[in-house]
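Read through the structure below, which is laid out as structure tokens, and then see the notes.
The values are calculated or read from the model by the stated rules, or taken from the named source; none is laboratory data. Note that this is a predicted model, so its numbers are computed, not measured. For neighbour counting, all protein chains shown are included, and Cβ atoms are generated from backbone atoms with ideal geometry for every residue, glycine included. Just the protein is used for accessible areas: all its heavy atoms, side chains included, with ligands, DNA and RNA removed. Shrake-Rupley method; radii C 1.70, N 1.55, O 1.52, S 1.80 Å.
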Amino acid sequence: MKKYFVYILRCRDGDSYIGFTKNLRRRIVDHQCGSGCLYTKNKLPIRLVYYEIYGDFIEAKKRENQIKSWRREKKENLIKYGKPIR
């Protein structure tokens, strides 16, 4: 069974980055080396603060988009409590 990960990174300046991948460990290393994406490249160092695992690509992508649409407070509650508290 394939696994897909939706993850949240915390950047040096306190901003968050949300993404998804099939290989979380490799993707985090990519981000830390500055080759993950332009957004995190300029905000190093980064650290993984939250992730979820899905067995379906479409579900993982939907969840990534859902989290990206949230306000900062809701994302912070997800990181802190494991669920979005209003």
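Observations on the structure shown:
- Counted residues, region 22-56 - those being in contact (Cβ under 8 Å) with a residue 24 or more places away in the chain, open to solvent by 100 Å² or more (accessible area, probe 1.4 Å) and closer than 15 Å to Cys11 by Cβ: 1
- Residue list for region 64-77, restricted to those being closer than 15 Å to Gly19 by Cβ and open to solvent by 40 Å² or more (accessible area, probe 1.4 Å): Asn65, Gln66, Lys68, Ser69
- Residue tally, condition touching a helix residue (DSSP H, G or I) at 6+ places or on another chain (Cβ under 6 Å), under 19 Å from Glu76 (Cα atoms) and not hydroxyl-bearing (Ser, Thr, Tyr), over region 12-55: 5
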